[in-house]
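> Got a structure here, written out as structure tokens. Questions coming.
Derivation of every value follows stated rules applied to the coordinates shown; laboratory data play no part. Everything quoted here is computed from the prediction, not taken from an experiment. Using ideal geometry, Cβ is built from the backbone for each residue, glycine included, and neighbour counts are taken over all protein chains shown.
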Amino acid sequence: MSQALIPQEILDEIAAKCDIVSVIGEYVPLKRTGANYNGLCPFHSEKTPSFTVSPSKQIYYCFGCGEGGNIFKFMMKIENLTFPEAVAKLAAKAGVSLPKKELSKSEKERLARLQRLYKINDLAARYYQKVLLESKAGKDYLDYLLKRGMNKEIIEKFSLGATPAGWDGLVKFLAAKGIKEQEMLDLGLASKSKDGQRIFDRFRERVMFPIRDERGRVIAFGGRLNSPEAKAQKYMNSPDTPLFHKSKVLYGLDLAKNAIRAQDSAILVEGYMDVIACHQYGISNVVAPLGTAFTAEQAKLIMRHSYQVYVSFDGDAAGEKAAMRSLDIFSSLGLNVHVLTLPGGRDPDEYLREFGQDAFLKELKDSPEYLMYKTTRLLEKININDINGKSKVVQALLEDLRKIKSPVALESAVSMIARKLQVGEQTIMQELRQNINAQRHGDESRQDSGAKSQSVKIKQYATHDAQYIAAAAVLGGLYKDKAKLETVQALGGGELFAEPLKELYQKIVRGNLGEDLSDEESSLLAQVLLLAEQELDNQKDEQAVFDFSLTKLALEKNAKDYQKLLLKLNQAEKAKSQEDILQILQQLEQIRKEKEKLENKARGMK
């Protein structure tokens, strides 16, 4: 199914029924600002919201990275979907039926294989749980979980299971269900013997934790050794498979996402047991990475639901290192981060079983903000009585201070650091200014050494160029009302605009705003319409905004035309061509009169 095969009427119906604010709000926390909604962009790292959604235009645009478009483009970008897949997803959400098209053989095979792999993982999860709850071989594992304070309800909620001693219990079970050996290998459920002659269970003698995607489908497994004497690694996850990439998954997100949105905060813990314990004690906005280094992709999964995170990792050296990495990632993405360090170096599982929910929530409430935590940790490691100690601490914190956009928050942070170091606040601010200036100089040098991207150019125009904003206001008015075209053409038409807006003007005139727009043009159109809307918000009178902006563009064209004629006049005078000189002088006088009329018109509009 391609875009061309979906009637525009159906696309319009889907867009109308799927309000863009509601759809994007499922991925990005949005706050109303005037007629629009703002939030942190999900497509690049930022601390100050520059991502705007317009409910009236049904478009989004980021003034930071230049990404923008309609609801279909957003779904394609955020979910990494093709256009037909995005349309299908939104159509299902809107309850709109799509025209059916026969899939190609390869498409059918790909989809059928994925569905089969999900089904196999589900079968494996059911097998593991049956072993745990209904077999003698699972009794030791069940006793272990019960001793850890889990009840049957929480065990079933997380579909926990077990795989006993032996080499091929799961392999035989799946084979009896018609599952091929290669499929078991592809999903990491089985491993091949060294001689390559047979396969055996990958997970043995472990408590099993099914890992689900955000939609609740089993995509992988984690296994914890039950025997403390065993020499194998304590925790083991599935390898990367067609369904699973551990750096892009958070354990428990399928069960936590609604609570994260409802409470506008997420708690990041270290492991499976911590997540489960929190749920058992009524704390459900909890997720965990999968035993690997925390990644920006995992942070962005949380950002879809909240910008506030509490990080709670183990108090040992490895836990602190993992916590600091996640803190730096969250901070760089602009999240509000607190650090939960539980007394005695306990993890959430241990603390909850010993002290309960109320004590845990109090520790959570009292947890320090990231910068305060980092400062405290630096002071524990660096001797500030040493002549260079205080300088080392400040230097280590400058990058974090640079990320703070709010003057109030920055002043508070600097004041806190100054008190701890017993130095003047102005001293820290001076170091910060020097750092910012050095960074800015480096950025400018890098920009001068190469061509700037289109998105950077667009951002600069949108922020600083009054002519660009005027052009956007005219294009926005024309987009909304084609009856204005005659007025625009009378004053110069496409010659009023510079690229890339000139080409966009031509497409608006021709009405080629469907699949004819490239991704860059789609983003540009979204930006133009939002700029036009902002100008209207400032002035209120739609016609007055259009007329004033059009006059401004006409005056700029008039000035350029005048300069071109002056150059021609100079050439004609050098050639001593009296006929050309006279003709050019007449044209200059005509332009001067047009300029006078336009200026009078502009003055009357102020």
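> Place a +1 charge on the Cβ of each Lys and Arg in the chain and a -1 charge on the Cβ of each Asp and Glu, then give the dipole magnitude about the Cα centre in debye, rounded to the nearest 20.
For this selection, approximately 880 debye.
> Please state, to two decimals, what the Cα-based radius of gyration of the range 352-444 comes to when divided by 2.2 N^0.38 Å (N = residues). Don't skip to the answer; put the middle values down first.
Working: Rg = 16.4 Å, N = 93, 2.2 N^0.38 = 12.3 Å.
Cα-based Rg divided by the globular estimate yields 1.33.
> Related question: Mind jotting down the distance between the C-alpha centroids of the range 357-411 and the range 250-308, whole Å?
24
> Computed FRET efficiency, Cβ-Cβ of Ala165 and Arg353, R0 35 Å: what is it to the nearest 0.05? Intermediate results must be reported in sequence, preceding the final value.
Details: r = 28 Å, r/R0 = 0.81.
Using R0 = 35 Å, I get an efficiency of 0.80.
> Leu114 label point, 7 Å along Cα→Cβ, cut-off 19 Å on backbone N: hits in the range 209-224?
211-221
> Output the 0 to 90 degree angle, nearest 10, between the alpha-carbon long axis of helix 519-539 and the longest principal axis computed from the alpha carbons of the chain.
So the inclination is approximately 70 degrees.
> Further, regarding this structure: Evaluated at 20 °C with a viscosity of 1.002 mPa s, what Stokes-Einstein diffusion coefficient in µm²/s does the range 203-341 have when Rh comes from the Kirkwood expression over alpha-carbon pairs?
Using the Kirkwood radius from Cα pairs, D works out to 140 µm²/s.
> Using a simple spin-label model with points 7 Å from Cα along the Cα→Cβ vector, what separation in nm is obtained for Met416 and Glu134?
5.3
> Please give, to one decimal in nm, the separation of the simple spin-label points placed at Asn600 and Glu320, each 7 Å out from Cα toward the Cβ.
Here the modelled spin labels are 7.8 nm apart.
> Continuing with the same structure: For Glu425 and Asp481, what is the calculated FRET efficiency with R₀ set at 56 Å and r taken between the beta-carbons, to the nearest 0.05?
Working: r = 55 Å, r/R0 = 0.98.
Using R0 = 56 Å, I get an efficiency of 0.55.
> In 10 Å bins starting at zero, report the fraction of Cα pairs in the range 239-316 per bin as a rounded %.
Over the range 239-316, the share of Cα pairs per 10 Å bin runs 20, 55, 24, 2 percent.
> Using a simple spin-label model with points 7 Å from Cα along the Cα→Cβ vector, what separation in nm is obtained for Arg377 and Asp122?
4.2
> Something else about it: How far is helix 407-421 tilted, in degrees, relative to the longest principal axis of the Cα atoms in the chain, given as a value from 0 to 90 rounded to the nearest 10?
The answer is roughly 50 degrees.
> Just need log10 I(q)/I(0) for the range 3-94 at q = 0.12, 0.15 Å⁻¹, Debye formula, equal scatterers on the alpha-carbon atoms, no solvent, rounded to two decimals.
-0.35, -0.54
> Using the 2.2 N^0.38 Å rule of thumb for compact globular proteins, work out how the chain stacks up: its C-alpha Rg over that value, please. Could the numbers behind the result be given before it?
Numbers: Rg = 31.2 Å, N = 606, 2.2 N^0.38 = 25.1 Å.
Computed over Cα atoms of the chain, the ratio equals 1.24.
> Right, another one. To the nearest Å, what is the center-to-center distance of the range 570-595 and the range 70-131, using C-alpha atoms only?
The range 570-595 and the range 70-131 have Cα centres separated by 68 Å.
> I would also like to ask the following. Could you pull out every one of the lysines with an alpha carbon less than 22 Å from that of Lys172, ignoring same-chain neighbours closer than 8 positions?
Output for Lys172: Lys119, Lys130, Lys136, Lys139, Lys180, Lys192, Lys194.
> If you count, for each residue, the other Cβ atoms within 10 Å and average over each peptide, how do 26-33, 121-128, 482-489 line up from highest to lowest? Numbers along the way, then the final one.
Details: 26-33: 15.9, 121-128: 20.6, 482-489: 13.4.
Averaged packing, sorted descending, gives the order 121-128, 26-33, 482-489.
> Beta carbons within 10 angstrom, averaged per residue: use that to sort the peptides 361-371, 184-194, 570-580, highest first. Present the calculation step by step, with values, prior to reporting the outcome.
Working: 361-371: 15.8, 184-194: 18.0, 570-580: 11.6.
Taking the mean over residues of other Cβ atoms within 10 Å, the ranking is 184-194, 361-371, 570-580.
> Still on this structure, I have one more. Taking 29 Å as the cut-off for C-alpha to C-alpha distance, list the pairs among Lys31/Lys246; Lys484/Lys597; Lys100/Lys257 that go past it.
Details: Lys31/Lys246 32 Å; Lys484/Lys597 20 Å; Lys100/Lys257 33 Å.
Over 29 Å apart, Cα to Cα: Lys31/Lys246; Lys100/Lys257.
> Test of understanding: what is the full-extension gain from Gln583 to Ala35, defined as 0.36 nm times their sequence separation minus their Cα-Cα distance?
Values: separation 548, 0.36 × 548 = 197.28 nm, distance 5.20 nm.
Result for the pair: 192.1 nm of gain on full extension.
> Tabulate in residue order the Karplus-calculated ³J(HN,Hα) for the range 27-44, using 6.51 cos²θ - 1.76 cosθ + 1.60 with θ = phi - 60°, rounded to whole Hz; enter x for Gly and Pro.
10, 10, x, 10, 10, 5, 9, x, 7, 10, 10, 10, x, 6, 5, x, 9, 7
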